[in-house]
Ligand code: SF4
C-alpha cells in the first residue's frame with residue numbers, strides 16, 4: 001500500500017491531496033457507516049492542546065471530504081480517560097467540547113459517540129478478556145486520526161495506540177495491569193481494523209502523551225495510509241524513533257511477516273529524509289515536572305508500562321502544582337512509587353541513593369504491590385514500620401483524586417504555615433479559574449504563546 005506525506009498549508013486541499021495520494025477513499029462505499037476515531041485522550045482547558053489531541057482543523061477537513069464523497073452515516077467516537085483531575089462532567093463530552101469537535105459535529109450532522117458508556121463487545125485478546133466499543137468493531141469504515149507523538153511508555157503513540165480509546169474504562173486499565181501492554185495493543189489492531197490512518201502532524205509532541213511533561217513543536221505535516229502498520233513505521237521514523245524498537249510494531253511484524261525496511265514502503269509526496277526529526281521519548285517524572293521550579297528532593301522513578309494514563313496525568317498535575325507553589329524548595333529525601341512492579345524498580349535503585357525518609361505509594365496498584373512497606377499498619381495515611389525505616393504515606397484511589405493527592409503531599413511535606421499559604425493560594429486560583437479571570441501557566445508553557453501555536457486549530 002501507499003503512505004502519503006503532505007505538507008499542511010492550512011487548506012483543505014493539502015488534506016485532500018494526502019488522502020488521494022494514498023488512495024485513502026478507494027475502498028470507501030458512500031453508504032458505509034463511517035467512524036472517525038480522533039485522539040482526545042483528555043482535554044482540560046487549562047492544558048495546551050498542541051500535539052496532545054487531534055486538531056479540530058483536521059477533523060473538520062475529513063468530515064468535509066467524506067461529505068464530498070457522498071457519505072451520509074458519519075460518527076466521531078472516543079473514550080477519553082475517566083476520573084482525571086476531579087472533573088465532574090462526562091470526560092469524553094468535555095473532550096469533544098474542549099476541542100470544538102462538538103461544533104464540527106453539529107455543523108455537518110455527525111453523531112458523537114462516547115465509547116466509555118458502551119454498548120461493548122467482549123473480546124479475548126490472547127487470554128485477556130476486554131470490552132471494546134461495538135461502534136468501533138462493527139463500523140463499515142474506520143478512519144483513525146492520531147497525533148504525531150512520542151510516548152513515555154510505548155516510545156510512540158500513533159495509529160496502533162490510538163485504538164486503545166475504543167476500550168471500556170476498565171479494559172484500558174487491564175491493558176496496563178496485565179503487564180502486556182505492547183502485546184495487547186498489537187492484538188487490538190487485529191481485532192479492530194483501521195481502514196484509513198491520517199496522522200495529524202500539524203503539531204508533534206515530544207515525551208507525550210500530554211503537555212504537562214511533553215513539549216509540542218509545530219510540524220505542519222499529514223501522513224496518510226490505508227495500512228496502519230506502514231503509517232506507524234513512517235510516523236515513528238519521522239519522529240526519530242526506530243520502529244523496529246517499538247515493541248507492539250515488532251510483535252505485529254513477527255505475526256504478519258511485515259518488514260521495517262522503509263525503502264520497501266511506497267511513499268508519495270514529500271521526501272521522508274527532509275522530514276526526519278530526533279525527538280526524545282524517555283521521561284523522568286521527577287526531573288521533568290519538578291526541575292522547572294527548581295524543586296529538589298523528590299524522586300519518582302519511571303513507572304514502566306503498568307501505569308494508566310489517568311493515574312499518570314493526575315500525578316503529573318499534582319507534582320507540577322507542588323513544584324510551582326513551592327519554587328526552590330528542597331524536600332529532603334522523598335520517594336514516590338506508582339503503577340505495579342515498583343519493588344523491583346526500587347531494588348535496582350538501592351545502593352545508588354540514600355534511603356528515603358518518606359515514601360509515597362500513589363494509587364491502589366502501588367499500594368497493593370508494595371504491601372511489605374505498609375502491612376500491619378493501622379494508620380492508613382501516615383505510618384512508620386520501625387525506627388529508621390521511612391514514613392509511608394498511602395494515596396488511595398484508582399486513580400487517586402487530585403485533591404486527595406495534593407492534600408496528602410502537602411500534609412506530609414510542608415510545614416503548617418506553608419501548607420496554609422498553599423491552600424489559600426490554591427483556593428483563590430481555583431475561584432479565579434472558575435470565574436475565568438485567572439489562567440494557570442506552568443513553567444515551560446510560555447512557548448505556547450509563540451505564533452507557531454494557533455488556537456484556531458482547535
Ligand atoms: S491505580 Fe492507577 S495504575 Fe492502577 S489500575 Fe488504577 S488507574 Fe491504573
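Check whether at least one residue in region 156-167 is outside any strand (DSSP E or B) and free of Cβ contacts under 8 Å to residues at least 24 places away in the same chain, and report yes or no.
Narrowing region 156-167 to residues outside any strand (DSSP E or B): 158-166.
Going one step further and asking which of them are free of Cβ contacts under 8 Å to residues at least 24 places away in the same chain, we end up with none.
For region 156-167, residues outside any strand (DSSP E or B) and free of Cβ contacts under 8 Å to residues at least 24 places away in the same chain: absent.
With respect to residue 296, determine if the residue is within 16 Å of the ligand (Cβ to nearest atom) and either over 21 Å from the mean Cα position of the chain (by Cα) or modelled with pLDDT of 90 or more (or both).
Values: within 16 Å of the ligand (Cβ to nearest atom): no; either over 21 Å from the mean Cα position of the chain (by Cα) or modelled with pLDDT of 90 or more (or both): yes.
So residue 296 does not fit the description; no.
With 227, 220 as the choices, which residue is within 23 Å of residue 18 (Cβ to Cβ), crowded, with 17+ Cβ neighbours inside 10 Å and modelled with pLDDT of 95 or more?
Values: 220 fails: crowded, with 17+ Cβ neighbours inside 10 Å.
After ruling out the rest, the residue left standing is 227.
Kindly evaluate residue 210 against the criterion of being touching a helix residue (DSSP H, G or I) at 6+ places or on another chain (Cβ under 9 Å) and at pLDDT below 95. Lay out the reasoning, then the answer.
Values: touching a helix residue (DSSP H, G or I) at 6+ places or on another chain (Cβ under 9 Å): yes; at pLDDT below 95: yes.
Criteria met by residue 210.
Among the residues that make up region 380-389, is at least one of them assigned by TED's automatic domain parsing to the domain that holds residue 298, at pLDDT 60 or above and not in a helix (DSSP H, G or I)? Please lay out each step first, then the result.
Kept after step one, since they are assigned by TED's automatic domain parsing to the domain that holds residue 298, are these residues of region 380-389: 380-389.
Those left that are additionally at pLDDT 60 or above: 388-389.
Filter once more, keeping what is not in a helix (DSSP H, G or I): 388-389.
Yes, region 380-389 contains a residue that is assigned by TED's automatic domain parsing to the domain that holds residue 298, at pLDDT 60 or above and not in a helix (DSSP H, G or I).
Suppose the filter is on the phi > 0 side of the Ramachandran plot and over 15 Å from the mean Cα position of the chain (by Cα); does residue 131 pass it? Explain how you work it out, then say what you get.
Values: on the phi > 0 side of the Ramachandran plot: no; over 15 Å from the mean Cα position of the chain (by Cα): yes.
Answer is no for this residue.
Quick one: how many residues across region 302-334 are surrounded by fewer than 24 Cβ atoms within 10 Å (Cβ to Cβ), in contact with a strand residue (DSSP E or B) (Cβ under 7 Å, 6 or more places away or on another chain) and either free of Cβ contacts under 8 Å to residues at least 60 places away in the same chain or not in a strand (DSSP E or B) (or both)?
Residues meeting the conditions: 3.
The values are calculated or read from the model by the stated rules, or taken from the named source; none is laboratory data. Computed from a predicted model, the values in this text were never measured in an experiment. For neighbour counting, all protein chains shown are included, and Cβ atoms are generated from backbone atoms with ideal geometry for every residue, glycine included.
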